[in-house]
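S.K.: Below is the structure I would like to discuss, written out as structure tokens.
Values quoted throughout were computed directly from the atomic coordinates according to the rules given, and no laboratory measurement underlies them. Everything numeric here is computed off the predicted structure, so don't read it as measured data. Because the Cβ atoms are built from the backbone with ideal geometry, glycine has one as well, and the counts that use them run over all protein chains shown.
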Amino acid sequence: MSEAASTALLLSARVAFWATLAILPPGIALGWLLARREVPGKALIETLTALPLVLPPTAVGYLLLRLLARDGPLGARTLGFDLDLLLTWKGAVLAAAVMALPLVVRTARVAFEEVDPRLEGMARTLGLGPVATFGRVTLPLARRGLAAAAVLGFSRALGEFGATIIVAGNIPGRTQTLALAIFSDMQVGRDREAMALVGVTVALAFAALWLVESLLRKGRARR
Amino acid sequence: MSVRFAIDLAVPCEHFEVAVEWRSERRALGLFGPSGAGKTTLLEALAGLRRGVRGRIEVGGRVWLDSTRGIRLPPERRGVGYVPQEGLLFPHLDVLGNLRLGAARAGAGERRLVPERVLEVLELAPLARRPARELSGGERQRVALARALCSSPGLLLLDEPLASLDLPLRRRILPHLLRVREEFGIPTLHVSHDAAEATLLCEEICVLERGRVVARGAPGEVLTDPERSAALDGGGVNLLEGRVTAIAESLARLELEPGLVIEVADEGGLEPGRRAAFELRASDILLALGRPPGLSAQNVLPATVEAVHLPGAGEPHAPARVTARLGAGSRRIVVAVSPRACRELALAPAAPIHLVFKAQGCRLVASF
């Protein structure tokens, strides 16, 4: 593998790792909320978290760009300091995180819905408070589904293109992830390099999906 | 003096409201009734797992619920040991893990029941490391009971712990329930729709029908009450409990009280010197005015008619129910006969009578 390709692969992995780490806590919290609680505005929360799934990624990227631009609500002039996200690898993390969140929330929600609420009630009668019940019963029972949520989120972040190119640009060695590198190689006619990168992404995606399937299948077999 | 058990509740449920007022100083309470009467709903309300419950619950001197004063203890502070019908074991833990989670409440100082001791009493020690999802039905029920005991509850709530089990398994688990009662002395509310089981395990029962209390009292009296017994299997169920004194030729002698002995079939599981309980259906007993000669039935017991209850206009298919007092008079037996037989024998209160039944007519409930 060429040096440029391995740089792109490492950067993609780093971006996807931090994006996954960043969205797991809110993703799990939202998934639990949607699965277990009747809160006002639940339908709105549901729709908002699903939005990045159906919007063109470039539209999401553009919204993020406007949000972070100098004059935007999170821009340097409004906040008084610079978040330094635009055109950096951290910007790529943000774009990937936003795009991957819906998958994590949905998978986490299903994971929680598959836990029998009567088991949680049982734990309460045995003296466990709501927090201890979540930690000792709900989480362990949902753990495979939550692991699947993390892998899916990671894979989605790994392949992110549209939002990333708008927020982080396509700077070789700095913000050029695998998906962006394939695009660049193709544009200048480096077909062999592009094909090699495609091979890498296929292998990664295959491994991730296989892992998710086996996690979910075993989770079901245990019930 | 603290009240042991006092409730006055209204619990909304799907088709009707379950409304129960009940006050008792007994330790072994039973909730009896057909399925759909609201028994499980009431248990869940006691455990704190139901919403919209109104009224008052006081157990062992502590108020769990008083909706007029805005008191409502969450389930984790009530200290109940709830054993639901399905057991509801934690599938991600092994047997000991389930018990330890149950023991989480009981602090080190006040903990009365250690998991190891409970495992021993319920004969579960060999299963300690078995994952919960690999257990059989009977094992699951015993582990659920053990888990509830480990939480050192102030009140045990048992929801038909034997209903899902076949007869041989029931006979094996019932002695454990009796043993738990004797060993740990925990106040218990036992839900059942089996008359023999309720009579054996409870000191006082409350009969529930469509969310309402229709009778209350000692199970031996309530469940042989001719007013009610038509709704039960075989026109009513009698529980005969005593000590096995001898076994010969596949027949066992069961001494119900000094001087009152019956013959029952021995299908295994009986031992001289041990106690056993048998179920005898009201429809399996014959009445005779005198002692009939040349009879294959092994039991002919003199008794006194207490009451004769002819079926009313509203129950055209029901038999007549005759109650009789046996022995010293403390034991009531209910017998189902046809209304014509009642007339032909001219049965009336205080008439001397003989109860005739086969040894095989007595079905073993438990030997303990």
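S.K.: Treat every Asp and Glu Cβ in region B:116-162 as -1 and every Lys and Arg Cβ as +1, leave all other atoms uncharged, and give the resulting dipole magnitude about the Cα centre to the nearest 20 debye.
M.R.: 180 debye
S.K.: Quick check on the exposure proxy: order B:CYS150, B:CYS342 from fewest to most C-beta atoms within 10 angstrom.
M.R.: In order of increasing Cβ crowding within 10 Å: B:CYS342, B:CYS150.
S.K.: Taking loop as defined by DSSP and a crowding limit of 15 other beta carbons within 10 Å, which trypsin sites (Lys or Arg not before Pro) in region A:34-72 fit?
M.R.: A:ARG37, A:ARG70
S.K.: Using the Karplus equation 6.51 cos²θ - 1.76 cosθ + 1.60 (θ = phi - 60°), what ³J(HN,Hα) coupling, rounded to whole Hz, does each residue of region B:186-195 give in order, writing x for Gly and Pro?
M.R.: 8, x, 9, 10, 10, 8, 8, 10, 10, 4
S.K.: Of B:GLY290, B:PRO84, B:ALA45, which is farthest on the positive side of the dipole of chain B, counting Cα position, with +1 on Lys and Arg Cβ, -1 on Asp and Glu Cβ, and the Cα centre as origin?
M.R.: Final value for the positive-end residue is B:ALA45.
S.K.: Oh, and also: Loop-only check: which GluC sites (Glu not before Pro) in region A:4-113 are DSSP coil with at most 15 other Cβ within 10 angstrom?
M.R.: Of the GluC sites (Glu not before Pro), the ones in loops of region A:4-113 whose Cβ has at most 15 other Cβ atoms within 10 Å are A:GLU38.
S.K.: Separation of region B:1-72 and region A:12-46 by C-alpha centroid, Å?
M.R.: 39 Å
S.K.: Using +1 at the Cβ of each Lys and Arg and -1 at the Cβ of each Asp and Glu in the protein assembly as shown, identify which of B:LEU251, B:LEU158, A:GLY145 lies farthest towards the dipole's positive end.
M.R.: A:GLY145
S.K.: ³J(HN,Hα) across region A:173-181 via Karplus (A = 6.51, B = -1.76, C = 1.60, θ = phi - 60°), whole Hz, x for Gly/Pro?
M.R.: Running phi through 6.51 cos²θ - 1.76 cosθ + 1.60 with θ = phi - 60° gives x, 10, 10, 7, 7, 3, 4, 5, 5 Hz.
S.K.: Taking other Cβ within 10 Å of each residue's Cβ, how do B:ARG117, B:ARG4 sort, fewest first?
M.R.: With the fewest neighbours first, B:ARG117, B:ARG4 line up as B:ARG117, B:ARG4.
S.K.: Net charge near B:ARG210, counting Lys/Arg +1 and Asp/Glu -1 over other residues with Cβ under 14 Å of its Cβ?
M.R.: In short, -1.
S.K.: Dipole magnitude of the protein assembly as shown about its Cα centre, charges +1 at Lys/Arg Cβ and -1 at Asp/Glu Cβ only, in debye to the nearest 20?
M.R.: Roughly 1140 debye for the protein assembly as shown.
S.K.: Peptide B:349-356: average number of partner chain Cβ atoms within 10 Å per residue?
M.R.: 0
S.K.: Please work out the C-alpha center-to-center distance from region B:285-310 to region A:117-153 and express it in whole Å.
M.R.: Spelled out, the Cα-based centre of one part sits 61 Å from the other.
S.K.: Once the dipole of the protein assembly as shown is set up with Lys and Arg at +1 and Asp and Glu at -1 on Cβ about the Cα centre, which of B:SER192, A:GLY127, A:LEU86 lies farthest towards its positive end?
M.R.: A:LEU86
S.K.: Starting from the amide H of B:TYR82, placed 1.01 Å from N in the peptide plane, find each other amide H under 5 Å away whose residue is 5 or more places distant or on another chain.
M.R.: For B:TYR82, whose amide H was placed from the backbone, the distant partners under 5 Å are B:LEU157.
S.K.: Looking only at B:GLY329, B:GLY294, B:GLY102, which one moves most when chain B is put into a Gaussian network model with springs between Cα atoms under 10 Å?
M.R.: B:GLY294
S.K.: Treating the beta-carbon of each Lys and Arg as +1 and of each Asp and Glu as -1, no other charges, what is the dipole magnitude of chain A about its Cα centre, to the nearest 20 debye?
M.R.: 800 debye
S.K.: A further question on this structure: Can you put A:THR138, A:THR20 in order of Cβ neighbours within 10 angstrom, beginning with the fewest?
M.R.: Exposure proxy ranking, most exposed first: A:THR138, A:THR20.
S.K.: Enter the mean number of other protein chain beta carbons within 10 Å of the beta carbon of each residue in B:78-86, as an integer.
M.R.: Per-residue shielding by partner chains comes out at 3.
S.K.: Tell me, what HN-Hα J-couplings in whole Hz come from the Karplus equation 6.51 cos²θ - 1.76 cosθ + 1.60 at θ = phi - 60° for each residue of region B:47-57, using x for Gly and Pro?
M.R.: Result, rounded to whole Hz: 6, x, 9, 10, 8, x, 7, 10, x, 9, 10.
S.K.: Same structure, new question: Calculate the mean, over all residues of peptide A:128-136, of how many other protein chain Cβ atoms lie within 10 angstrom of the residue's Cβ.
M.R.: Counting Cβ atoms of other protein chains within 10 Å of each residue's Cβ and averaging gives 3.
S.K.: Then there's this: Going by amide H atoms built from the backbone, whose H comes under 5 Å of the H on A:ALA168, apart from near neighbours?
M.R.: Hits under the 5 Å cutoff: A:LEU87.
S.K.: Treating cross-link reach as a plain straight distance, find the lysines whose alpha-carbon is under 24 Å from the alpha-carbon of B:LYS358, omitting any fewer than eight places away in the same chain.
M.R.: Correct list for B:LYS358: empty, as no lysines qualify.
S.K.: Mind checking which of B:GLU263, B:GLU116, B:GLU134 has the largest fluctuation in a GNM of chain B, springs on alpha carbons under 10 Å?
M.R.: B:GLU134
S.K.: Taking the mean number of other Cβ atoms within 10 Å as a proxy for protection, how do you rank A:179-191, A:76-88 from highest to lowest?
M.R.: A:179-191, A:76-88
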